[in-house]
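Have a look at the structure below before the remarks.
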Amino acid sequence: MRKTRRFSIDQQRGMLGVLFLSPWMLGFLFLFAIPLFDSLRYSFSELVITPTGFTQEYLGFANYRTALLENPYFNRNLADAVLQMVVDVPLIIFFSLFTATLLNQKFKGRGFARAIFFLPVILASGIIDNLANTDAMSQMITSATEGGAALGMLQSFELERMMIEAGVNRVIVDYLTGSVDRIYEIISASGVQILIFLAGLQSISPSLYEASKMEGATGYEAFWKITFPMVSPLILTNIIYSVIDSFSNNQVATLIHQTAFNQFNFGLSAAMAWVYFILIALILFVVAKLISKKVFYYD
Amino acid sequence: MLSLERWKHISWVFFRSVLIIGISYVIIYPILVKLSTALKHRSDIYKPTVIWVPENWSLENFQIVIEIMNYWTTLANSVMLSGGTMLLQTASCALAGYAFAKLKFKGINILFALVIFTILVPPQTIMVPSYLNYKNFDVFGIAGFLTGSQGLKLIDTFWPFFISSITAMGLKNGLYIYIFTQFFRGLPKELEEAALVDGASVFKTFIRIMLPNAIPAIITVMLFSFVWQWNDTFFTTLYLSNSNVMATELANLPGNAEAYIGEAGKIDWFYRSMLTNTGVLLAILPLIIMYLFVQRHFVESVERSGLVG
């Protein structure tokens, strides 16, 4: 008697689960799966918009050939985007882990500092950045406060010279000084990642730190032996998030958009989008494979 | 020995304070620049002594930009769009997240893998079919059957956003489902069982017990969905080329400001930039005001928001 009733509750839960998921399932089918399939079909054909809809003509791989071999911008933009991603993601991960550790410590005005550090989550957006980059007024104020843009360059330059004289590899020096120059971009891209790391840091049990302190571990050791392994699954999550985020707003995305809606070459645009998607999927796959081996899972 | 420890501590506190203040400055700096620019009068632009503090305080820039951007209509439209999508997305994603966490049925893990898949596919990939979809919107050909037309034209209305929100397929909705799933997974089973023993149905348990406990996750998702919809240019330029919302108005602002300044061929670039800065400030002002109110809950909720797997 009791057993059948229990079974029926489980069944009821399953049915309710289907009910709760039904909006998502409808959306997935009609607004995701079918468009995805359509986009694959379009990428193999030429699409012409007519007053009553559109017509398709099968072209084979012609669109892919055009995108990869003939279009002067696509290859270059794609390579740029990947390079930019390779440069940015490690910096974002490093910065956000560091900041999260900082914000996790107890100090006066912590709430205020956190509020400011999460501000980029609110403000970081394509359009504001685009307007800000080409902005005459803010450049004027910047150069006036820093005593001329030349001086700003000089500081970086001095640092660069110092490090090269100290025998640091040229590539590393360029990388570091370049990242200092783009500090605002790095910070504004790290909001969500800081959040994720912070939540992870707070889930580490304090007893681990107490035990290590009893054994005489320094703060530095505690970070590398406790904090780092415990947040390592989140490093994977954050790397994946950063990769997706870095690809969501770049020149390739703009190019795909323009090809469709300024040149009305929908087939070519779909082909570009598929090349783009496959590349991202490959990168994510490789990254996940490489890192998941090193990740430590507590339970 | 003790004093060495003390010194170490003091120098660390000093180092940390410098870092935090420095980074905070970098984050706030652009807002300060915009504020200072917006409050200046046009005549201050070429005065070499005026950098941060305006000599002639003026709200003229605001008046002009409010007029150019059609600000109040735009604001109302944007609030309606972002608020509507926020409510619909939070509801649909909370339902889906709860199902994934607590209402398991056969094959649900495959569906969850598909949620992750939707996060990975860039929106550009399904951009063209989605656009054509909403251009002649017709599920199962119902509209065509009834009226003989080619379906409804939903471009330049808010419907594409609302339809995708109600089906949890809007902007970054995979991430929201993930957040909700992780959060509901973290809630103890006993909570649910106690309610069941007391005779509440599964649905009632969800509404009365689980949702009030999920407020941190709800606040996080609501803030994200409102803000990201507000700032989004990809979907708004795709579906709403002619409507007044903040993102499109901001994208058109430089051009419109030039038209306002007039005098073709000799446009004052600094003046134009002054107007664009004021426009950006006006566009993000509602977000900042909202953030000031929600910020405390948001920052606290981070600790329990279930972002961690």
Any chance you could count how many residues in region B:236-289 are under 30 Å from residue B:122 (Cβ atoms), within 11 Å of another protein chain (Cβ to nearest Cβ) and among the hydrophobic types (A, V, I, L, M, F, W, C)? 11
Scan (1) facing chain A (nearest Cβ under 9 Å); (2) touching a residue at least 24 places away in the same chain (Cβ under 8 Å) for the single condition residue B:51 breaks and write down its number. (2)
Filter region B:32-44 for residues that are more than 8 Å from chain A (Cβ to nearest Cβ) and touching a residue at least 24 places away in the same chain (Cβ under 8 Å); the one that is farthest from residue B:282 (Cα to Cα) is B:42
Within region B:205-225, considering residues that are without any contact (Cβ under 8 Å) to a residue 24 or more places away in the chain and more than 11 Å from chain A (Cβ to nearest Cβ), the one surrounded by the most Cβ atoms within 10 Å (Cβ to Cβ): B:209
Looking for whichever is over 30 Å from residue B:169 (Cα atoms), surrounded by 13 or more Cβ atoms within 10 Å (Cβ to Cβ) and touching a strand residue (DSSP E or B) at 6+ places or on another chain (Cβ under 7 Å) here; the options are B:30, B:54. Which one fits? B:54
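Yes/no matrix, rows are residues, columns are (1) closer than 28 Å to residue A:39 by Cα; (2) surrounded by 15 or more Cβ atoms within 10 Å (Cβ to Cβ):
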| residue | (1), (2) |
| --- | --- |
| B:88 | yes, yes |
| B:92 | yes, yes |
| B:98 | no, yes |
| B:101 | no, yes |
| B:106 | no, no |
| B:109 | yes, no |
| B:113 | yes, no |
Within region A:217-233, is there a residue that is farther than 30 Å from residue A:46 by Cα, acidic (Asp, Glu) and assigned to a helix (DSSP H, G or I)? yes
Looking at (1) within 30 Å of residue B:157 (Cβ to Cβ); (2) crowded, with 19+ Cβ neighbours inside 10 Å, find the lone condition where residue B:61 falls short. (1)
Could you please find all residues in region B:190-218 being at pLDDT below 85 and closer than 14 Å to residue B:90 by Cβ? B:214, B:215, B:216, B:217
For residue A:42, all conditions in the list (1) facing chain B (nearest Cβ under 7 Å); (2) at pLDDT below 80; (3) surrounded by 15 or more Cβ atoms within 10 Å (Cβ to Cβ) hold save one; what is the number of the exception? (2)
Taking the criterion of being in a helix (DSSP H, G or I), touching a Pro at 6+ places or on another chain (Cβ under 7 Å) and closer than 24 Å to residue B:232 by Cβ, would at least one residue in region A:239-252 satisfy it? yes
Can you tell me how many residues in region A:211-235 are facing chain B (nearest Cβ under 10 Å), over 20 Å from residue A:186 (Cβ atoms) and surrounded by 18 or more Cβ atoms within 10 Å (Cβ to Cβ)? 1
Could you tell me whether residue A:69 is surrounded by fewer than 16 Cβ atoms within 10 Å (Cβ to Cβ), away from chain B (no Cβ under 13 Å) and modelled with pLDDT under 85? yes
Residue that is farthest from the other protein chains (Cβ to nearest Cβ) [pool: residues in region A:236-259 that are of a type in the set (A, V, I, L, M) and buried (at least 24 other Cβ atoms within 10 Å of the Cβ)]: A:252
Only one residue in B:19, B:4 is without any contact (Cβ under 8 Å) to a residue 12 or more places away in the chain, farther than 30 Å from residue A:22 by Cα and in contact with a Leu (Cβ under 8 Å, 6 or more places away or on another chain), so which one is that? B:19
For residues that are assigned to a helix (DSSP H, G or I) and either touching a Gly at 6+ places or on another chain (Cβ under 6 Å) or within 18 Å of residue B:76 (Cβ to Cβ) (or both), tally how many sit in region B:228-251. 9
When (1) more than 10 Å from every other protein chain (Cβ to nearest Cβ); (2) among the aliphatic types (A, V, I, L, M); (3) surrounded by fewer than 19 Cβ atoms within 10 Å (Cβ to Cβ) are applied to residue B:196, the one that fails is (1)
If we keep only residues of region B:116-127 that are more than 20 Å from the chain's Cα centre (by Cα) and more than 7 Å from chain A (Cβ to nearest Cβ), then the residue nearest to residue A:260 (Cα to Cα) is B:117
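The values are calculated or read from the model by the stated rules, or taken from the named source; none is laboratory data. Note that this is a predicted model, so its numbers are computed, not measured. Reconstructed Cβ throughout: ideal geometry from the backbone, glycine too, with neighbour counts over all protein chains shown.
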